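Encoded as structure tokens, the structure appears first; notes follow it.
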Amino acid sequence: MLNNILIFLLIWIMGFFILAGVLYFISRHNLWFRKYGLTLFLGLLVMGFTVYFTGYFFGNISGGSSLIHAIGSAFLALFSSGRIMVMELDIGETGSLYMNELYRMIYGIVMFAAMVMLAAMVLANVGGGIIGRIRLIFVKTVGTGKNLYFFYGLNRDTVELVADIHRKDPCGILFLLSIRDEEYREEKDRRDLENDAFQSGAFKVVFNPGKSLHFIVRAAEKCKGETHVLCMKQERWKNESLIRALCGEAEITDRLHLYAFYETEKSRKISEDEVFRKLDVHWTQPEELSARGLLLSSDFLKIFPDDRCVEGRIDGELRLALAGYTAANEVLCRYLICGVQAAGLRLRIQFLGTAEEMQKETAFFFQANPMLSLAAEMELTGIEPGTVDYYRYLLDEKECPHAVFFIGKDMDENVQFVLRTAEFLQRNGKNRTLFVKAESTGMERCVLERAGAVAFGCREQVCSYDVLIGEKLDAIAKSVHMYYQRFYGVDGDVHTLWRKAGVYEKMSSRALALHIQWKARCAGFDLTPGTPDGSYERMTASDGKLTENLSIGEHRRWQAYLVTEGWKNAKPEELPAGKNKDALTRQHACLVPWEKLPEVSGFYGIDYQYLDRILVCSLEKITGEAGYALKRRRSENESG
């Protein structure tokens, strides 16, 4: 009796471990089961049919074999094989052959495998959050050496990022976080979006953000790799809420990284909250990443006026037109104003669209930044793209833009406008640089390239592993931040110091980094990946006029950055004692022309012009730390 009980318990324990092992295997190889599960299951069904047919044919021979007996056995085998679908099996039906031990073993293995595969297919394809929850339980219980990725918010950006992370980190474990109450209130194509994400190996986990965040924290604690939580909700305030809740619940760790799509201006305010300083929190927004990606690209330098640049100075106008401007494109407008500053340059930003529409869209930007005229002339042209006035404007040599940016809300309309504009310019023998904000470069890439237009802000360019997690766009910005830290006597690891930097510090470093390739072009150099050769440093050391003009350009860039952030100038007497700025009222004593800086320097005892000069002369060292080199450009009459 005791032996039977022990055998019974042993069988149950073995069954439990086999079940746990099967579930772990299914959860770990979920994508494989999605791709090949049906094929394998059909193969097992064929094997099941063979086993049943063998049992019916050879196990129930009473009057000898016949064709009728074979046909009957085949139909019975088909019927019994179909019962696998409902997991209803009975080996006794196969007749006396079930007494054969070898047959019983084969029968058991095949039928068990078929039922497991059926369950695996159901879980992997239509199991919703079940398989994700199973995978998460294993991660929380036994841990993992792989990287974890949690995605909050399901949209096309999320799907693109999931696919890119799967390509860059194929061993990583990806979870889609879905709120139970919102599961069926989201976009209509939610099921299609989920299926697309599942094809990249993602798991779905349904959770309550107010009660069950501990599973993310627990998984991060058990994970030996890095854990990334990416909040990509369209409702930005929900991203902040989840980040705040995680920061309040998680312990301080270097292996938990939080990313939130959030408006830059608001993130500067909330990032000062101490609760967000516990963990590594990254605040960003797609529009900002799109703008930075454009200014860091070599295509952006197509608008550089090489023919008018002499010794770091550009005398003349640079006219940039924005077609379809909306408040969402304010970030791009700010970066454009800051990114093209140079000594002697007169910058004009032209807004294309009906006067009434543009007045409404630009109202906040103009009123919130009262000193914009210090950096650029802002013009509401009243010209609507596609009209007669628009095509006449493109042919007017005195008013036409050197570059047009098509940035309207309707991405398809942007592409149509840029193609029509490119054709019109080509027919009239005019050359203008055209940029278009597109949703995806997939089908339109070749068409845009033939038209000579540059696509930016595409989903593939912004929602990528390299940009969001690898911080590809911040390589030079980190070196800029490190330069200032050393200048003020702080030393340490560049990545650690960057992670501890506030949002304002990061944005300031990024703004300077975006302007470096423009400065380099002014000096006759190109910014390229490589090792510095010292030629830029020697040039600035020997050419005082060049250094002076580059320094003026840097001061104008700094001015443009502040005035596009709402800062105003103030006399030193109007500011707190001993301070050159008041962050609360956004006033700065150095917001004066280059020629008047010595007056401010005399009041504070600091040579501000010298600070710009020393920065300009240090550009080669700054870019060198980021893996870039400043290479001298060859003139047309120089031989290779």
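Looking only at residues in segment 407-428 that are at pLDDT 90 or above and exposed (fewer than 12 other Cβ atoms within 10 Å of the Cβ), the one that is nearest to THR326 (Cα to Cα) is GLU423.
Residue under question is VAL206, and the condition is that it be crowded, with 16+ Cβ neighbours inside 10 Å and modelled with pLDDT under 85; does it hold?
So VAL206 passes the test.
Taken together, the residues in segment 523-542 that are more than 35 Å from the chain's Cα centre (by Cα) and open to solvent by less than 40 Å² (accessible area, probe 1.4 Å) amount to 2. Based on this model, can you work out whether ALA513 counts as closer than 12 Å to ALA626 by Cβ, modelled with pLDDT of 90 or more, in a helix (DSSP H, G or I) and not hydroxyl-bearing (Ser, Thr, Tyr)? Considered against the rule, which asks whether it is closer than 12 Å to ALA626 by Cβ, modelled with pLDDT of 90 or more, in a helix (DSSP H, G or I) and not hydroxyl-bearing (Ser, Thr, Tyr), ALA513 comes out as yes. When the residues of segment 559-572 are narrowed to those that are assigned to a loop (DSSP other than H, G, I, E, B) and of a type outside the set (Ser, Thr, Tyr), which ends up surrounded by the fewest Cβ atoms within 10 Å (Cβ to Cβ)? Result: LYS571. Scanning segment 65-109 for residues that are over 14 Å from MET47 (Cα atoms), modelled with pLDDT of 65 or more and among the small types (Gly, Ala, Ser) yields a count of 4. Among all positions in segment 431-440, there is at least one residue which is in contact with an Asp or Glu (Cβ under 9 Å, 6 or more places away or on another chain), of a type outside the set (Ser, Thr, Tyr), open to solvent by less than 50 Å² (accessible area, probe 1.4 Å) and in contact (Cβ under 8 Å) with a residue 40 or more places away in the chain. If the condition is being free of Cβ contacts under 8 Å to residues at least 60 places away in the same chain, under 20 Å from the mean Cα position of the chain (by Cα), part of a helix (DSSP H, G or I) and more than 23 Å from TYR149 (Cβ to Cβ), then segment 452-502 contributes only ALA477.
Taking segment 205-260 as the region of interest, how many residues are in contact (Cβ under 8 Å) with a residue 40 or more places away in the chain, hydrophobic (A, V, I, L, M, F, W, C) and out of contact with any Lys or Arg (no Cβ under 9 Å at 6 or more places or on another chain)? Number of matching residues: 4. Checked against (1) of a type in the set (Gly, Ala, Ser); (2) over 15 Å from ALA323 (Cβ atoms); (3) more than 34 Å from the chain's Cα centre (by Cα), SER373 meets all criteria but (3).
Of all residues in segment 307-330, those satisfying the criterion of being open to solvent by 10 Å² or more (accessible area, probe 1.4 Å) and either hydrophobic (A, V, I, L, M, F, W, C) or under 19 Å from THR547 (Cα atoms) (or both) are ARG308, CYS309, VAL310, GLU311, ARG313, ASP315, ALA327, ALA328. Scanning segment 425-451 for residues that are assigned to a helix (DSSP H, G or I) and out of contact with any helix residue (DSSP H, G or I) (no Cβ under 6 Å at 6 or more places or on another chain) yields a count of 9. Selection over segment 331-366 of residues that are surrounded by fewer than 19 Cβ atoms within 10 Å (Cβ to Cβ) and either more than 24 Å from GLN285 (Cα to Cα) or over 31 Å from the mean Cα position of the chain (by Cα) (or both) gives a count of 8.
A quick yes/no check of all residues on (1) within 22 Å of TRP237 (Cβ to Cβ); (2) more than 16 Å from the chain's Cα centre (by Cα); (3) of a type outside the set (Gly, Ala, Ser); (4) part of a loop (DSSP other than H, G, I, E, B):
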position: LYS146; (1), (2), (3), (4): no, yes, yes, yes
position: LEU154; (1), (2), (3), (4): yes, no, yes, yes
position: THR158; (1), (2), (3), (4): yes, no, yes, no
position: ALA163; (1), (2), (3), (4): no, no, no, no
position: HIS166; (1), (2), (3), (4): no, no, yes, no
position: CYS171; (1), (2), (3), (4): no, yes, yes, yes
position: LEU174; (1), (2), (3), (4): no, no, yes, no
position: LEU177; (1), (2), (3), (4): yes, yes, yes, no
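I'd like to know if segment 476-483 contains one or more residues that are out of contact with any strand residue (DSSP E or B) (no Cβ under 7 Å at 6 or more places or on another chain) and under 21 Å from ALA163 (Cα atoms). No: segment 476-483 contains no residue that is out of contact with any strand residue (DSSP E or B) (no Cβ under 7 Å at 6 or more places or on another chain) and under 21 Å from ALA163 (Cα atoms).
Need pairs with beta-carbon distance below 7 Å; first residue closer than 16 Å to LEU148 by Cα and assigned to a helix (DSSP H, G or I) and within segment 116-138, second modelled with pLDDT of 75 or more and of a type in the set (Lys, Arg); sequence gap 6+ or separate chains. Going by the 7 Å Cβ cut-off, the qualifying pairs are GLY132/LYS204. Against the criterion of being free of Cβ contacts under 8 Å to residues at least 12 places away in the same chain and not basic (Lys, Arg), GLY544 qualifies. Which condition number does LEU575 fail, the rest of (1) under 23 Å from PHE365 (Cα atoms); (2) open to solvent by less than 60 Å² (accessible area, probe 1.4 Å) being met? Among (1) under 23 Å from PHE365 (Cα atoms); (2) open to solvent by less than 60 Å² (accessible area, probe 1.4 Å), LEU575 violates only (1). With respect to LEU294, determine if the residue is buried (at least 19 other Cβ atoms within 10 Å of the Cβ) and either within 20 Å of the chain's Cα centre (by Cα) or under 29 Å from CYS171 (Cα atoms) (or both). Yes; evaluated as a whole, the condition is true for this residue. Close contacts from segment 141-162, counting a first residue that is farther than 23 Å from ASN208 by Cα and a second that is surrounded by fewer than 17 Cβ atoms within 10 Å (Cβ to Cβ) and of a type in the set (A, V, I, L, M, F, W, C), with Cβ to Cβ under 6 Å and a gap of 6+ residues or different chains, come to LYS146/CYS171. Against the numbered list (1) surrounded by 18 or more Cβ atoms within 10 Å (Cβ to Cβ); (2) in contact with a Phe, Trp or Tyr (Cβ under 8 Å, 6 or more places away or on another chain); (3) modelled with pLDDT under 80, SER178 comes up short only at (3). Here LYS302 meets each of (1) modelled with pLDDT under 95; (2) under 27 Å from GLY544 (Cα atoms) with one exception, condition (2). The criterion of being of a type in the set (A, V, I, L, M, F, W, C), open to solvent by less than 40 Å² (accessible area, probe 1.4 Å) and in a helix (DSSP H, G or I) does not hold for VAL404. Restricted to segment 220-310, the set of helices (runs of 4 or more DSSP H) holding at least 2 residues that are farther than 26 Å from GLU160 by Cα comprises 236-249, 264-270.
Name the residue that is farthest from PRO572 (Cα to Cα), counting only residues in segment 585-615 that are assigned to a helix (DSSP H, G or I) and open to solvent by 60 Å² or more (accessible area, probe 1.4 Å).
Among them, the one singled out is ARG613.
Restricting the first member to segment 613-626 and to residues that are over 11 Å from LYS519 (Cα atoms) and of a type in the set (Asp, Glu), and the second to residues that are open to solvent by 10 Å² or more (accessible area, probe 1.4 Å) and at pLDDT below 95, the beta-carbon pairs closer than 6 Å and six or more apart or on different chains are GLU620/PRO532; GLU620/GLU537.
The values are calculated or read from the model by the stated rules, or taken from the named source; none is laboratory data. Computed from a predicted structure; not experimentally measured. Counting neighbours? That spans all protein chains shown, and the Cβs are built from the backbone with ideal geometry, glycine included. Side chains are part of the model used for accessible areas, which takes the heavy atoms of the whole protein and leaves out ligands, DNA and RNA. Shrake-Rupley method; radii C 1.70, N 1.55, O 1.52, S 1.80 Å.
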